[in-house]
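Novice: Let me give you the structure first, and then I'll get to my questions.
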Amino acid sequence: MADRGCPLEAVPLPAEVRESLAELELELSEGDITQKGYEKKRAKLLARYIPLIQGVDPSLQAENRIPAPSQTTAAVPKQQKPRPTSSRDERFRSDVHTEAVQAALAKYKERKMPMPSKRRSVLVHSSVETYTPPDTSSASEDEGSLRRPGRLTSTPLQSHSNIEPWLDRVIQGSSTSSSASSTSSHPGGRPATAPTAAATTLTGPAAHAHIADVHSAPPDVTTGLGELSHREHPQLASVRGVARGYSGSVLETAGGVPVNSRVSSKIQQLLNTLKRPKRPPLKEFFVDDFEELLEVQQPDPNQPKPEGSQMVVLRGEPLAVGVPWPPSLLAALQQWGTTQPKAPCLTALDTAGKAVYTLTYGKLWSRSLKLAYTLLNKLTSKNEPLLKPGDRVALVFPNSDPVMFMVAFYGCLLADLVPVPIEVPLTRKDAGSQQVGFLLGSCGVALALTTDACQKGLPKAQTGEVATFKGWPPLSWLVIDGKHLTKPPKDWHPQTQDAGAGTAYIEYKTSKEGSTVGVTVSHASLLAQCQALTQACGYSEAETLTNVLDFKRDAGLWHGVLTSVMNRMHVISIPYALMKVNPLSWIQKVCSYKARAALVKSRDMHWSLLAQRGQRDVSLSSLRVLIVADGANPWSISSCDAFLNVFQSRGLRPEVICPCATSPEALTVAIRRPPDLGGPPPKKAVLSMNGLSFGVIRVDTEEKLSVLTVQDVGQVLPGADVCVVKVEGAPYLCKTDEVGEVCVSSSTTGTAYYGLLGITKSVFETVPVTAGGMPVSDRPFTRTGLLGFIGPDNLVFVVGKLDGLMVVGVRRHSADDIVATALAVEPMKFVYRGRIAVFSVTVLHDDRIVLVAEQRPDASEEDSFQWMSRVLQAIDSIHQVGVYCLALVPANTLPKAPLGGIHISETKQRFLEGMLHPCNVLMCPHTCVTNLPKPRQKQPEVGPASMIVGNLVAGKRIAQASGRELAHLEDSDQARKFLFLPDVLQWRAHTTPDHPLFLLLNAKGSVTSTATCVQLHKKAERVAAALMEKARLGTGDHVALVYPPGVDLIAAFYGCLYCGCVPVTVRPPHPQNLTTTLPTVKMIVEVSKSACVLTTQAIMRLLKSKDAAAAVDIRTWPTILDTDDIPKKKVANIFRPPSPDVLAYLDFSVSTTGILAGVKMSHAATSALCRSIKLQCELYPSRQIAICLDPYCGLGFALWCLCSVYSGHQSVLVPPLELESNVSLWLSAVSQYKARVTFCSYSVMEMCTKGLGAQTGVLRMKGVNLSCVRTCMVVAEERPRIALTQSFSKLFKDLGLPARAVSTTFGCRVNVAICLQGTAGPDPTTVYVDMRALRHDRVRLVERGSPHSLPLTESGKILPGVKVIIAHTETKGPLGDSHLGEIWVSSPHNATGYYTGYGEEALHADHFSARLSFGDTQTIWARTGYLGFLRRTELTDASGERHDALYVVGSLDETLELRGMRYHPIDIETSVVRAHRSIAECAVFTWTNLLVVVVELDGLERDALDLVALVTNVVLEEHHLVVGVVVIVDPGVIPINSRGEKQRMHLRDGFLADQLDPIYVAYNM
């Protein structure tokens, strides 16, 4: 806006031009005029004065605006006299507040925060869809934009012309479009060619190596913040078309390592903002190992404390004696209706401001009688009268029909029925309509009264009846227009009622949580309220009152429907719709009807200020009292002052303005008296915001920045006693300088919440006590829900409402005050006024402040982010409280309250359910959440010896276990005979040549190839001959086998063994995705030093194709042989290894941390592995097993290629890839071949669970029967996925799958099969451990369902010959079984070492030959790299011993060290996936100590931002961690390997290199 002010500096403008400019600003701020319209009109106004602007297209000026700090400066040039206050946006803002906010912001000097990045499609998509012209409907109804007669605002048709330049502006100036990332987004892979234009932002492969170095030791920036130099990287302000993030400079991470990627620079900025120390320092305290205590905020010793004396109860003046009050309101109605039938009672206006109808007292009386008679005598159900006296009846009338409402209300009272006025439901799912339904249901309402017109407008069901609204009881609807009513007979009279304790009517009230309750008001209270208001406001007979308020409830009902009848007043009712069209209407009516009294809200005064130009002829001199019904709002004072300022010259006397405070429970609490009634002069209080937050009143003198200016709401009502009690705990009286809840004791208050005895007692029957515990009165008091104090002259001051109270730490903040601060930030008007909601949500046992606002459709990303960061700073400065979440939603999308304004509780509900759909979000958990447990300090390590002693003393056994002894199990003769697998195959080919070993199935389920013992032997011979003759390979050469899953692969494997070569199985590249899969093939071939590649013809062509050349250098392939048609040849002699320790094959696999590791398997280890599996699964030649696994590495390879040859059983091979075209293939095969034992992977199990969920019936019809399965094992190298295995078991129970059949296996690189359930032995057990203890490496068993419990299942039984021990990760000492440690394994089938071509074996030698540092230091162990624990169970195994179960918790490499504790990514991911139904998958990793959460969104892109807050909340609540970055991506972006494991490190590399093409990236502050 400063740039708008600049050109004006030179030329002093005439006053009327300045005035018009100011008015334009306000129109823009109210949303009456589009940005474009504003620019045009403004240019027109200034054209004469500024030659330099002429000829420039105004839309260009808008484009060139630079969103710089200067925007905050005021628009008016310095030397000019201040604008008339009337045109200021006064409703929410006193000058003091704006200045305070500007000063606060100036202190911050625009700290840069990383801007969230958003995918361009989301930008366009969300914005265009929600681009309503910034007009009428998009401002709230409450602060709605005002259509002035005679000037139409832009219609949607015109608005389309606005879209394009606006869209351009968004896209050009946005630093968020990920244009760069689209250049190379290969899922899961790395770009093989250096990207072109985006080279500055994207890292090519060269930088990959470099990033990898950085990963090895990311600098820790969150602990030793003090020592780090504070480097800020200023971002370029957005010049047209240059996005902020692309400042080509190379950034450095905190450790000084340059990282040239946009993401890293954002993270760096985030870290820079986090370097500032948090405000409340964490207190030191002892953390018990098991209980992570949350930090409890200690009261600050310097905080202000109340020092006054204890207050005394304030007594109102007595009710006037000797005044002839009527005995009841109905008696008054009868008196006026019969003696003054022509006197006007109520005039209704239409939207043009014309009087449509005037109801006289005679008409009101006769129609109410007719209605009462009809209700009592003409409505029957099953021959019984439908209604009995005392029944509740709903009144459903629109705000434009006060006449019918009044008739209905008095008709009900005459019939002794209880009216329950509610809003007209517009749709079947109005905000809060369910709660209204609950109220109607609990009040037992069966009948609703309405008008003909209203009934026609209600949503209808197919039958033509009024639809049933969500949550509503079944209702009968009665239209009460004259023709539907019956005239009562002459002799019928309603029962005369005294004003007794019976309920007269019920007024609804919506609480902070959104529940709707009904406040019952008795006949006695009704009468007393009317009398007290008559006396307090000095109403006299036949006065005229103009009412702008809702006549169905609150002050509008008490003054405009009830008290008016008692005094035979004439009420002019101004409908809300008329106010929107003509905000001056109420003033014009005061003038034309010479009204003595008017009833308004501060909003109405504010609106009329905007519209009063050119209306010179209105006069308010007739007004005796102007009641401001929301005088208790903190911003009503500025409306009152500004209104007086302008209208004093039009006859408004200052003393006429009478603010009042009301509450649904206590009705009118206090009201300022007109001076002719002898009230004291009005007062203002300027209070310290800091004092208020501690509940203390301090008149602020020196600190002008954070003050709240409030006006008094007058004195208490006649006949009432008032006191102020403490908000929490017992109702002790407050001291005189303390803020508390105002309580009223009087005959005028409500009596109860209908049907809710418990809270009725605490609210309507409070007994305030003195500090000594003495009750202050024998009459109970009613709590009003208003927070305030009693000021000088016994005036009541209100500083907030209990509903808007947010307690953060030990301090209290009022939602309204925070709204006022947010609105004062940007005089530019970035968001719609009055469309801001502030509420608190509880996260981690404390209130967290959330601010939601509707942003204007023309706001760019840059603007919105700037506005958000400045609102944070302003609130931080003025209220000294952090905002947890700030969300901007598109215009017009927040739920509306019935009479405008925002439905706060519904907004909060949507926020918590992830249904708010914001277009911008900023979370600041780092600054707000100060009650996290203290980070765990690592104790100086306890030595291994003391650990053992400690365990012995504690009676804990050392955690070790072993499978069955091999020696006892079979004669060692066979073991010796079967030492070399090639020998076994030859022996089988010789003794049982036609015994089938393998059957391969295709997607249709038919057998495509089989192999008997002799066929396999002959094929292997052919391969061996080809290797020796064609490829001229010698003994010990390495051969890469690149085959699809099938018999050819098995034959090639044995062919290699036959000629003494070392086979390496490699997954073939994917023809559709060569760029990412081929480099891995090439890498394995190179790292394994393969001298030859054996493959099929098709794959050979692929390896040498043009596409392959684009991905790798195809000239460097070794010899490639295809084995499709090699000649039939025998080998002269089959190679026999000199010793069992000779290398048999290499097993290569990519770990989840993205490391390619090959292990060496000797002949001895290979046969020992087969032998253990044979014993565990009881495999014999007569058995059939079904295998649905990939045959390239680990246990999958062993089962596919080795075991059948060793044990002689038949393997039915089902390639997992075939399941993509036929999901039921594997299960059908198991059923068809009656397999007792079957193996699969998690990905296969998941495909079956998701793909066959609804088809179990169809499968049963096809005859699929799984009752043959004894054991179905999931081959895995991770913690068992309990949820998946359980849902699989449940799902296929219908097909006969035994409940106990499903189990998991566990293996890793050093030993591919450590545990495997097998066919005998006890069932796998499940235990529940405390997740918090686990973070401290402790295992603490808890009951199922207890908080923080985590279920873990045993990973199958330990294989025969395998020994397992749990060792400390650092001291390498043995651990007790209550500790989590690394699983070490000793077994004859351990691999003998890593195979890397780089001589790095020595680095990892201890992985294969580790020794314990204490205890048994002789045994050689292999370290698995997995954390787990052992537990002795109650079950016994085959040998009669108690069974030891091994539980795998997770990979050591993947654990996250955060806050001194050890977290397993899967636990955080499980919580995140539960947070919202649109989260399909999630992966977490850390980068420079920030937790990064990547979630896949399975839903609309515009809902992406809903996830940010939910993800942050759940991780805080369940793991006590603050999420640093939330990345939202498309489904399928998180890379998953063939075993179904997430590749988190690949994901991290992709994120840092900006290759994920995320939908949204949120950087939490």
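The values are calculated or read from the model by the stated rules, or taken from the named source; none is laboratory data. As the structure is a prediction and not an experimental result, all values here were calculated from the model. Every residue, glycine as well, gets a Cβ built from its backbone with ideal geometry; the counts of neighbours run over all protein chains shown. Remember, those area values only see protein heavy atoms, side chains included, never the ligands or the DNA or RNA. Shrake-Rupley method; radii C 1.70, N 1.55, O 1.52, S 1.80 Å.
Novice: Could you run the Karplus curve 6.51 cos²θ - 1.76 cosθ + 1.60 with θ = phi - 60° over segment 338-349 and give me ³J(HN,Hα) per residue in whole Hz, x for Gly and Pro?
Specialist: These are the phi-based 3J(HN,Hα) values: 9, 8, 10, x, 8, 5, x, 10, 8, 10, 9, 10 Hz.
Novice: How much area per residue is accessible in segment 424-477 when the probe is 1.4 Å and only protein heavy atoms are counted (Å²)?
Specialist: Here the residues of segment 424-477 average 50 Å² of exposed surface.
Novice: Shifting gears a bit: Could you give the nm distance between label points at T1116 and A611, where each point is 7 Å from its Cα heading toward the beta carbon?
Specialist: 7.9
Novice: Please list 3J(HN,Hα) in residue order for segment 1382-1394, calculated via the Karplus relation 6.51 cos²θ - 1.76 cosθ + 1.60 where θ = phi - 60°; whole Hz, with x for glycine and proline.
Specialist: Karplus values, whole Hz, x for Gly and Pro: 7, 7, 10, 9, 10, 6, x, 9, 4, 5, 8, x, 6.
Novice: Here is a further query. Which loop-located trypsin sites (Lys or Arg not before Pro) does segment 464-549 contain, where loop means any DSSP state but H, G, I, E or B and the Cβ has at most 16 other Cβ atoms within 10 Å?
Specialist: Qualifying residues, ordered by number: K470, K490.
Novice: Would you list, by chain and number, the lysines whose Cα falls below 26 Å from the Cα of K1106, excluding same-chain residues fewer than 8 positions away?
Specialist: Counting by Cα, and skipping residues close in sequence, K1106 has these lysines nearby: K1030, K1082, K1089.
Novice: What full-extension length gain, to one decimal in nm, is calculated for S1346 and A106 as 0.36 nm per residue of separation minus the Cα-Cα distance?
Specialist: 441.4 nm
Novice: Can you work out D for segment 673-768 in µm² s⁻¹ from Stokes-Einstein, where Rh is the Kirkwood radius over C-alpha pairs, the temperature is 10 °C and the viscosity is 1.306 mPa s?
Specialist: Value of D from the Cα-based Kirkwood radius: 100 µm²/s.
Novice: Would you calculate the volume per residue, in Å³, of the smallest convex hull containing every Cα atom of segment 1435-1565?
Specialist: Normalising the Cα hull of segment 1435-1565 by residue number yields 150 Å³.
Novice: Sticking with this one: Quote the FRET efficiency, to the nearest 0.05, computed for S540 versus R1474 with a Förster distance R0 of 56 Å and r equal to the Cβ-Cβ distance.
Specialist: About 0.30, to the nearest 0.05.
Novice: Mind checking the full-extension length gain between V479 and R1136? Use 0.36 nm per residue of separation minus the Cα-Cα distance, one decimal, nm.
Specialist: 226.4 nm
Novice: On each of the three principal axes of the Cα atoms of segment 316-450, give max minus min coordinate, whole Å, ordered largest first.
Specialist: Between the extreme Cα coordinates on each principal axis of segment 316-450 lie 48, 43, 40 Å.
Novice: Continuing with this model, one more query. Output needed for segment 1109-1231: three equivalent-ellipsoid semi-axes, defined as square roots of 5 times the C-alpha gyration tensor eigenvalues, in descending order, whole Å.
Specialist: After diagonalising the Cα gyration tensor, the semi-axes are 26, 24, 19 Å.
Novice: Given the convex hull over the Cα atoms of segment 1076-1120, what projected area results after averaging over all orientations, in nm²?
Specialist: Result: 2.9 nm².
Novice: Cut-off under 17 Å on the C-alpha distance; same-chain residues fewer than 8 positions from K1004 excluded. Which lysines are left, in chain and number order?
Specialist: Result set, ordered by chain and number: K1262.
Novice: Roughly how far apart, in whole Å, are the Cα centres of segment 1485-1502 and segment 402-445?
Specialist: A separation of 47 Å, based on Cα centres.
Novice: Roll a 1.4 angstrom probe over the protein heavy atoms and tell me the percent of accessible area of segment 1152-1287 that is carbon or sulfur.
Specialist: 53
Novice: Please state the charge dipole magnitude for segment 1190-1264, taken about the Cα centre, from unit charges on C-beta atoms (+1 on K and R, -1 on D and E), reported in debye and rounded to the nearest 20.
Specialist: 360
Novice: Further question: Does anything in segment 1204-1220 have its amide N under 19 Å from the 7 Å Cα→Cβ label point of K977, and if so which residues?
Specialist: Under cut-off, by backbone N: 1204-1210.
Novice: Then there's this: How big is D, in µm² s⁻¹, for segment 962-1083 by Stokes-Einstein at 20 °C and 1.002 mPa s if Rh is the Kirkwood radius over C-alpha pairs?
Specialist: Rounded to a whole number, D works out at 129 µm²/s.
Novice: Just order 1259-1268, 328-337, 1332-1341 by mean Cβ neighbour count inside 10 Å, highest at the front, would you?
Specialist: Result, highest mean Cβ count within 10 Å first: 328-337, 1332-1341, 1259-1268.
Novice: Using the Kirkwood radius over C-alpha pairs as Rh, can you work out the diffusion coefficient of segment 1185-1247 via Stokes-Einstein at 20 °C, viscosity 1.002 mPa s, in µm² per second?
Specialist: Translational D for this selection: 182 µm²/s.
Novice: Same structure again: Once phi is turned into θ = phi - 60°, what whole-Hz ³J(HN,Hα) does the Karplus curve with 6.51, -1.76 and 1.60 give for every residue of segment 874-891, x standing for Gly and Pro?
Specialist: Once rounded to whole Hz, the list reads 5, 5, 4, 5, 7, 9, 6, 9, x, 8, 6, 8, 10, 10, 10, 10, x, 3.
Novice: In whole Å, what is the distance between the alpha-carbon centres of segment 744-804 and segment 815-880?
Specialist: If we compute the Cα centre of each part, the gap is 32 Å.
Novice: Next question. Using only the C-alpha atoms of segment 1159-1219, find the volume of their convex hull and express it per residue in Å³.
Specialist: Considering the Cα atoms of segment 1159-1219, their hull volume per residue is 74 Å³.
Novice: So for segment 1206-1312, what are the equivalent ellipsoid semi-axes in whole Å, largest first, each being the square root of 5 times an eigenvalue of the Cα gyration tensor?
Specialist: Over the Cα atoms of segment 1206-1312, the ellipsoid semi-axes are 21, 16, 14 Å.
Novice: Say R0 is 25 Å: what FRET efficiency, to the nearest 0.05, do S1009 and W987 get from their beta-carbon distance?
Specialist: Rounded to the nearest 0.05, the efficiency is 0.60.
Novice: Step through the table entries K354/K490; K761/K801; K40/K107, compare each Cα-Cα distance with 32 Å, and write down the pairs that go over it.
Specialist: Too far apart for the 32 Å limit: K354/K490; K40/K107.
Novice: Let me ask something else about it. Looking only at segment 1446-1474, which residues have a backbone nitrogen under 12 Å from a spot 7 Å from the Cα of T1369 in the C-beta direction?
Specialist: 1449-1458, 1460-1465
Novice: Normalised by the residues of segment 316-431, what does the relative contact order come to in percent, with Cα pairs under 8 Å and at least six apart?
Specialist: Relative contact order here is 22 percent.
Novice: Determine the principal axes of the Cα atoms in segment 549-682, then give the extent along each, sorted from largest to smallest and rounded to whole angstroms.
Specialist: 42, 33, 28
Novice: If packing is taken as the average count of other Cβ atoms within 10 Å, what order do 442-448, 348-354 fall into, highest mean first?
Specialist: Per-residue Cβ counts within 10 Å, averaged per peptide and sorted highest first, yield 442-448, 348-354.
Novice: How large is Rg over Rh for segment 1282-1389, taking Rg from the Cα atoms and Rh as the Kirkwood inverse mean of 1/r across Cα pairs?
Specialist: Taking Rg over the Kirkwood Rh, I get 1.01.
Novice: Sticking with this structure for a sec: Hey, quick one: spin label on E1441, modelled 7 Å out along Cα-Cβ, who in segment 1280-1324 has an amide N within reach, i.e. under 11 Å?
Specialist: none
Novice: If you don't mind, there's one more thing I want to ask. Over the Cα atoms of segment 768-905, what radius of gyration and what Dmax do you get, in Å?
Specialist: Rg, Dmax (Cα atoms, Å): 18.4, 62.
Novice: OK, next. Taking the DSSP beta bridges in segment 978-1133 as the whole, what percent of them are antiparallel, to the nearest 5?
Specialist: Looking only at bridges with both residues in segment 978-1133, the antiparallel portion is about 25 percent.
Novice: Take peptides 1159-1167, 1053-1061, 375-383 and line them up by average Cβ neighbours within 10 Å, highest first, as a rough protection proxy.
Specialist: Per-residue Cβ counts within 10 Å, averaged per peptide and sorted highest first, yield 1053-1061, 1159-1167, 375-383.
Novice: Please list the three semi-axes, largest first and in whole Å, of the ellipsoid equivalent to segment 1022-1073, using sqrt of 5 times the eigenvalues of its alpha carbon gyration tensor.
Specialist: Ellipsoid semi-axes (Å, largest first): 21, 11, 9.
Novice: Moving on. Could you work out Rg/(2.2 N^0.38 Å) for segment 482-604, with Rg from alpha carbons only?
Specialist: Ratio of Rg to 2.2 N^0.38 Å for segment 482-604: 1.25.
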